[in-house]
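Please treat every number below as a calculation from the coordinates, not as lab data. In this text the structure is predicted, and so the values were computed from the model without any measurement.
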Amino acid sequence: MGSSLPTEWRFWIFTVSVAIALFILFVYYFFSKSLSLLSYLALSLIISGGLSNLIDRIIYKGVVVDFLNIGIGNFRTGILNMADIAITVGITLMLYTSLAKDRSRKNSFNISE
């Protein structure tokens, strides 16, 4: 992603902006008092996956290298990045907890009406 961008742009977009976003998430993770256990797990996955990609980009001059080709025999899943899997699972868990929280709020409003 972004391979056609100039090197300097890739650095600012994929290294600096990601580092800033991860720092903000990290601060939120440690100072938020209202997160559930599942939300903490989700943020942990997002932060760890993001840090893994960020470290790869810093060490390998803007390139992420931790890819796997998973499969059994001729059945293959494709080429996956473990950090991106962690981020995707974390985002999915955050969406789930958010939707579950919204659903419980709606149910509590219906009971009181």
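For this structure, a couple of remarks:
- Average 1/r across all pairs of distinct alpha carbons in the chain, invert it, and you get the Kirkwood radius: 16.4 Å.
- For region 1-44 and region 57-96, distance of Cα centres in Å: 16
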